[in-house]
Amino acid sequence: MTAALKGHRKILRVFLAQGLDRQVAAELTALAGKRGVAIAVADRRWLDVRAGVTPHQGVVAEGEPISMRTLDELVAAVPEGQAPLFVLLDQVQDPHNLGAIIRSAAAAGAHGVVVPERRSAGLGPGTVKAAAGTAEWFPVAQVTNLVRTMEQLKKQGIWLAGADSDGPELLWRADFAVPLGLVIGGEDRGLGRLVREKCDYLVRLPMQPGVPSLNASVAAALLLYEAARQRSTHS
């Protein structure tokens, strides 16, 4: 909530649960006051209904949805002299996975996350909460067709590395210092066939026999930090 009040998204009202920690309530009230946002105290059970399935920890806000970026905006925002680093998600539908990936991408110094319009989690309450504030400012682009988006990125000199448990290349043997899009598959099916075929190369994480594959957010975090490590040695 602090990140939301410090961010640029328009917040209409903030509801605080009765009995909320005084220090927390005072901090949120002060931040809301600076932005001219109304504060109200409400019964915790009313907040439960208002928040739905999303845990609220005693604070609920009404605000405008977080706006998605376009692919062109993501590419244009990459600082001059830096090799682009994007994360492309193929049908990652769990909001908590999407939020965790956004958080890892921001922490590792990536330049944006790309999600398709269909069969993908959006920037709803579950995603925003899992992103721990980073969804308020980290750029996420929504595209109509992921395969066509991959073709566009390749035309702009960006290499595409797909995460695949059967990939021929271990992640630390692949070149992640180049302009790069890391392509992560959905929770149940991994990369779709057409998406896999559009990748320039496929990489895998080292796994001990008998261990099921890691979920999308963990795999993305490992790949992102390998990219960050490689780029730090090239700078």
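Every number in this text was worked out from the coordinates using simple rules, so none of it is lab data. Please read these numbers as outputs of a predicted model, since none were measured by experiment. All Cβ positions, glycine included, derive from the backbone under ideal geometry; neighbour counts span all protein chains shown.
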- Message: For Ala42, what residues show an amide H to amide H distance below 5 Å, using hydrogens built from the backbone and excluding near sequence neighbours?
- Response: Leu16, Ala17, Gln18
- Task: Give the relative contact order (percent, whole number) for region 53-141; include only Cα pairs under 8 Å separated by 6+ residues.
- Result: 36
- Label point distance in nm, Gln93-Val147, each placed 7 Å from Cα along Cα→Cβ: 1.9
- May I ask you to order 87-98, 157-168 by the average number of other C-beta atoms within 10 Å around their residues, highest value first? 87-98, 157-168
- Note on the structure: A correct Stokes-Einstein calculation for region 104-218, using the alpha-carbon Kirkwood radius, 20 °C and 1.002 mPa s, returns a whole-number D in µm² s⁻¹ of 140
- Rounded to one decimal in nm, the spacing of the 7 Å Cα→Cβ label points at Trp172 and Ala40 is 5.5
- Task: Let me have the relative contact order for region 71-234, percent, based on Cα pairs under 8 Å that are six or more residues apart.
- Result: 27
- Run through the DSSP bridge list for region 1-160 and note the antiparallel percent, rounded to the nearest 5. 30
- How far, in degrees from 0 to 90, does helix 22-35 lean away from the longest principal axis of the Cα atoms of the chain, to the nearest 10? 80
- Task: Please tell me the relative contact order of region 89-173 in percent, rounded to the nearest whole number, where contacts are Cα pairs under 8 Å and at least six residues apart.
- Result: 30
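Sort largest first and round to whole Å: the equivalent ellipsoid semi-axes of the chain, each the square root of five times a Cα gyration tensor eigenvalue.
36, 19, 16
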- Among 100-112, 120-132, 203-215, what's the highest-first ranking by average C-beta atoms within 10 angstrom per residue? 100-112, 120-132, 203-215
- Message: Give me Rg/Rg_expected for region 67-137, where Rg uses Cα atoms only and Rg_expected = 2.2 N^0.38 Å with N residues.
- Response: 1.06
- Spin-label model distance (nm) - Gln82 vs Leu214, 7 Å beyond Cα toward Cβ: 2.3
- Which log10 I(q)/I(0) values, to two decimals, does region 127-173 give at q = 0.26 Å⁻¹ under the Debye formula with one point per Cα? -0.93
